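What follows is a set of notes on a single structure, which appears directly below.
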Amino acid sequence: MKNLFDTTTKKEIMNRIDRLEAGTPAQWGKMNVNQALRHMTMALDIPTGKLDPTVANAPPMPKWLLKFFLLNMKAPKEKAETFLEINTVNNNINPSDFEAEKTTLKNKVDEFTKATFLIPENKLAGKFSKADWGKLNFNHMDHHLRQFGV
């Protein structure tokens with residue numbers, strides 16, 4: 001799995017964000033493109049400790065196994081669970097300024113990749129290293145960018 005801390009991978013993600021357009025329809029799921037941008041931005045606040053998320057429905061498996069899946073497999077296209085705070089659909093978070101959301105996400109990616117501290121544990125999957133957070137966040141962003149065809 002690619003890692004967001006890798007310079008080439010980070011550039012790939014930034015280029016894919018740039019290819020998004022206002023009003024791009026989702027190929028699956030309930031979020032619109034603006035909600036997805038905000039969702040990805042909020043998710044990047046978890047490993048830096050700026051957001052302490054609430055677990056909605058923990059999968060019925062050991063943390064070590066979930067960690068393996070999160071870091072090594074592509075997320076399923078539909079019905080993936082998320083933390084309560086970053087569920088933009090259920091929380092009726094519907095940003096109206098596409099360009100502002102896109103810029104904020106790109107800035108957050110920069111901030112994340114320059115962070116000197118990342119929390120040592122993922123609430124769902126146990127102990128996490130810097131490399132683990134980089135893989136997870138690449139996988140998460142890749143999932144949502146594919147959701148919008150980029």
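Tell me, please, whether a residue that is at pLDDT below 95 and either small (Gly, Ala, Ser) or touching a helix residue (DSSP H, G or I) at 6+ places or on another chain (Cβ under 9 Å) (or both) can be found in segment 125-137. Among the residues of segment 125-137, at least one is at pLDDT below 95 and either small (Gly, Ala, Ser) or touching a helix residue (DSSP H, G or I) at 6+ places or on another chain (Cβ under 9 Å) (or both), which makes the answer yes. Screening Thr48 on (1) in contact with a Phe, Trp or Tyr (Cβ under 9 Å, 6 or more places away or on another chain); (2) β-branched (Val, Ile, Thr); (3) not in a loop (DSSP other than H, G, I, E, B) shows it passes everything except condition (3). Within segment 92-131, can you find the residues that are touching a strand residue (DSSP E or B) at 6+ places or on another chain (Cβ under 8 Å) and either at positive phi or surrounded by fewer than 20 Cβ atoms within 10 Å (Cβ to Cβ) (or both)? Matches in segment 92-131: Pro120, Glu121, Lys127.
Per the conditions (1) more than 13 Å from the chain's Cα centre (by Cα); (2) at pLDDT 95 or above, the sole criterion not satisfied by Leu44 is (1). Restricting attention to segment 44-79, and to residues there that are touching a residue at least 24 places away in the same chain (Cβ under 8 Å) and of a type in the set (D, E, K, R), which single residue is farthest from Phe5 (Cα to Cα)? Looking at the filtered set, the residue picked out is Glu78. Taking segment 83-135 as the range and being free of Cβ contacts under 8 Å to residues at least 12 places away in the same chain and touching a Phe, Trp or Tyr at 6+ places or on another chain (Cβ under 8 Å) as the test, the residues that pass are Pro120, Glu121. Screening Thr54, Thr9 for residues that are surrounded by fewer than 12 Cβ atoms within 10 Å (Cβ to Cβ) and either modelled with pLDDT under 90 or out of contact with any strand residue (DSSP E or B) (no Cβ under 9 Å at 6 or more places or on another chain) (or both) leaves exactly one candidate, Thr54.
The values are calculated or read from the model by the stated rules, or taken from the named source; none is laboratory data. Since this is a predicted model, take the numbers as computed values, not measurements. So basically every Cβ, Gly included, is an ideal-geometry build from the backbone, and we count neighbours across all protein chains shown.
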